[in-house]
1. Cα centroid distance between region 116-155 and region 159-207, in Å?
2. Spin-label point model (7 Å from Cα, Cβ direction): what's the Leu153 to Thr257 distance in nm?
3. Express the accessible area of region 177-219 per residue in Å², computed with a 1.4 Å probe while the remaining protein chains stay in the model.
4. What percent does the relative contact order of region 81-203 come to when contacts are Cα pairs within less than 8 Å and at least six residues apart?
Amino acid sequence: MESKTLQSKSISLSERTQQYPPGVLYTDGYNLFLFNFTCNLSLDHTRKSTIDRHLFEKHRKLKAEIDSYETASSSKKKRKGNENYERQRDVIFDLTEAFVCANIPLEKIDNPKLRAFLNKHVINAGAIPTAGQLRREYLPQIAELHKMKIVQLVKMSDSVSVVTDESTNAKDQYVLHILFVLQGLSNTFELKVILADTVNLHSVNYSSVAQGVVKCLNAFEVNFNSVTGFVSDNASYMIKAYNNIIQGLLPNSVHLTCNAHIIALASNIWANNFPKADKLVATVKKIV
């Protein structure tokens, strides 16, 4: 034991330095230091265990600092990635909403010429999904947002009038357009008209019309007592729908029929009774 101690004490600074990989220790000829560390602590070169323990502690602290930096860097990259993802989704949402508001079919986004234009002039335009994905993921969100805005306007209004009109769509299917006319949103007497819903009618009768109107009113949380008017054409099923069902649910409403529809019906009677005059009018219209 005594010889080993003497042997450790007799080791020189340069010899102790050579026992470790290059770049770990250095000596100024008088003291032994850790290379490239800021502590500048002089080490006892006679005790290798002391040097090993000091190196281990420095290595542990350095590794902890590196791990902490990598964790913070990874979190920052992840946060930045999430921000970019959310920003991208906002752009796609706004694009879809713009197409809908401008009445542009979403299929136009798949047009090769439009795609080429976007890829050339818009940064990251390749991230814009196809029309099918826009319809599946973004269109329902836009519809829900539109619905929420209508609900808020309905709650802010003093009274609501319901306007209905039966028509056909591009596939010749019967549909019922339901509009809300909101009153009292401002100090002026200006009315705000909103298309609330377009209901597909599997059959055109008073029952299907009444059901469509009631479902629409419930969907937009309309207070039945605040509905002051129900406007429709003069069709018999519309009159029956109001008299038999809707009138009982909307106690403060009155039924107003469309004057234009009445005039159109009168014109048809006039044309049927005066075919020559009707032909003359049609001929004059072609000339003019």
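1. Cα centroid of region 116-155 versus Cα centroid of region 159-207: 24 Å apart.
2. A separation of 3.0 nm, rounded to one decimal place.
3. Values: 2480 Å² over 43 residues.
Value returned for region 177-219: 58 Å² of accessible area per residue.
4. Details: 127 pairs, mean separation 19.2, N = 123.
Answer for region 81-203 is 16 percent.
The values are calculated or read from the model by the stated rules, or taken from the named source; none is laboratory data. Just so we're clear, the structure is a prediction, and the values are computed from it rather than from any experiment. Cβ atoms come from the backbone with ideal geometry, glycine included; neighbour counts cover every protein chain shown. Surface accessibility is based on the protein's heavy atoms, side chains included, excluding ligands, DNA and RNA. Shrake-Rupley method; radii C 1.70, N 1.55, O 1.52, S 1.80 Å.
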